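See below for the structure under consideration.
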Amino acid sequence: MSNKVAVITGGASGIGLAAAHRFAAEGASVVIGDLDEKHAQAAAQEITDAGGTAIGVAVNVLEEASIAALIARAVDEFGNLHVLCNHVGGSNPRKDLDLLRMDMDEFDKTMALNVRSTVLGSRLALPHMIEAGGGSIINTASVGGLSGDYLQSAYGTAKAAVIRLTQYIATQYGPQMVRCNAVAPGAISTPALRDNLSEDEIEAIKGHNALPFLGEAEDIANTMLFLASDESRYLTGQLLVVDGGMSSHSSIAEDRRGFMPN
Ligand SMILES: NC(=O)c1ccc[n+]([C@@H]2O[C@H](COP(=O)([O-])OP(=O)(O)OC[C@H]3O[C@@H](n4cnc5c(N)ncnc54)[C@H](O)[C@@H]3O)[C@@H](O)[C@H]2O)c1
């Protein structure tokens, strides 16, 4: 990753923070963009203290001008741009419910936070990547975008859109050597997960993994590193599902265990 400049939105916490550390450890110049400027700068300082190169920049991905300022800062500081992780996303699970009870303002905000921000970040980064001779855009989706659920209708719909958007970007800018892939984390132990779900809910979700443990931020960061690096140079328009095998089995698999012959 040396000689690569990488912008990570939502890089001050959880998965984004782990990716910032991983990218910097591999030699990238990292721009940590986050709503929480204090934590973004503290994270950048920690990377710098460890001998890496990073800056922390305030950004609100709900505002186009703010994303534009983030991308401009990256290019001003480091000369060009090769990697963009459109990582910010989520929804409020107390308002993002089933279709009949879902708060429509929350639906709009969720689409803006997950989808519009990814469209805008990519539009603003693409000209710089093309000028640099190529690049890699990594969009954070979720297993929530792969199938239906009883809750978080807006979140699942938005993440499904992120997955399809990834293919559009890959198709349109592949000829100019810009790759675009998505990563779909399953349940990952981060502040986002622990703040939104109870311990019981997290245990129940973990029970659906094929592997008997919950993923850590580093598990996703390692996948993002692969997608950012030239080791994945022939990979574009794809979704890598990193979920401990949660989506590897059909919904009837558990029931069928009961009918297994001895
Ligand atoms: N943790 C999981 O289990 C899990 C599972 C699937 C998908 N994801 C996805 O991973 C991403 C983030 O998850 P995380 O676990 O790293 O979360 P996190 O809560 O640890 O970190 C999110 C960061 O985004 C920042 N942020 C929030 N709103 C912002 C905005 N408008 N502009 C700029 N920054 C903003 C926050 O300040 C925070 O630093 C989301 O896209 C989420 O949907 C997480």
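Odds and ends about this structure:
- Options L120, L151, L124; residue that is within 17 Å of the chain's Cα centre (by Cα) and not in a strand (DSSP E or B): L120
- Candidates are the residues of the stretch 169-183 that are in a helix (DSSP H, G or I) and β-branched (V, I, T); the one that is farthest from S122 (Cα to Cα) is T171.
- Here D76, D36 are screened, and the one residue that is within 18 Å of the chain's Cα centre (by Cα), without any contact (Cβ under 8 Å) to a residue 40 or more places away in the chain and open to solvent by 30 Å² or more (accessible area, probe 1.4 Å) is D36.
- Residues of the stretch 134-162 that are away from the ligand (no atom under 12 Å from the Cβ) and within 18 Å of Q238 (Cβ to Cβ): G134, G135, S136, I137, A160, A161.
- Qualifying residue in the stretch 63-70 (condition: away from the ligand (no atom under 14 Å from the Cβ), outside any loop (DSSP other than H, G, I, E, B) and either in contact (Cβ under 8 Å) with a residue 24 or more places away in the chain or open to solvent by 10 Å² or more (accessible area, probe 1.4 Å) (or both)): no
- Screening L227 on (1) modelled with pLDDT of 95 or more; (2) surrounded by fewer than 16 Cβ atoms within 10 Å (Cβ to Cβ) shows it passes everything except condition (2).
- For the stretch 80-89, the count of residues that are in a helix (DSSP H, G or I), within 16 Å of the chain's Cα centre (by Cα), touching a residue at least 60 places away in the same chain (Cβ under 8 Å) and within 13 Å of the ligand (Cβ to nearest atom) is zero.
- Criterion: buried (at least 23 other Cβ atoms within 10 Å of the Cβ) and either among the β-branched types (V, I, T) or not in a strand (DSSP E or B) (or both) - qualifying residue of N92, N60, N114: N114
- Note on the stretch 119-128: residues that are in contact with a Ser or Thr (Cβ under 8 Å, 6 or more places away or on another chain) and more than 16 Å from the ligand (Cβ to nearest atom) amount to 0.
- Pick from the stretch 130-144, criterion in contact with a helix residue (DSSP H, G or I) (Cβ under 8 Å, 6 or more places away or on another chain) and not in a strand (DSSP E or B), ranking: most open to solvent (accessible area, probe 1.4 Å): I130
- Screening A54 against (1) surrounded by 23 or more Cβ atoms within 10 Å (Cβ to Cβ); (2) closer than 15 Å to I137 by Cβ leaves a single unmet condition, (2).
- Residue check, D200 open to solvent by 80 Å² or more (accessible area, probe 1.4 Å) and under 15 Å from M129 (Cβ atoms): no
- Elements of type helices (runs of 4 or more DSSP H) in the stretch 184-235, at least 1 residues being in contact with a Lys or Arg (Cβ under 6 Å, 6 or more places away or on another chain) and more than 10 Å from the ligand (Cβ to nearest atom): 217-228
- Any hit, the stretch 172-189, residues being of a type in the set (F, W, Y) and without any contact (Cβ under 8 Å) to a residue 12 or more places away in the chain: no
- Residue count for the stretch 7-28, restricted to those that are over 21 Å from A182 (Cβ atoms) and either within 11 Å of the ligand (Cβ to nearest atom) or crowded, with 24+ Cβ neighbours inside 10 Å (or both): 2.
The values are calculated or read from the model by the stated rules, or taken from the named source; none is laboratory data. Quick caveat, the model's predicted, so the values are computed rather than measured. Ideal geometry is used to build each Cβ from the backbone, glycine not excepted, and the neighbour counts take in all protein chains shown. Remember, those area values only see protein heavy atoms, side chains included, never the ligands or the DNA or RNA. Shrake-Rupley method; radii C 1.70, N 1.55, O 1.52, S 1.80 Å.
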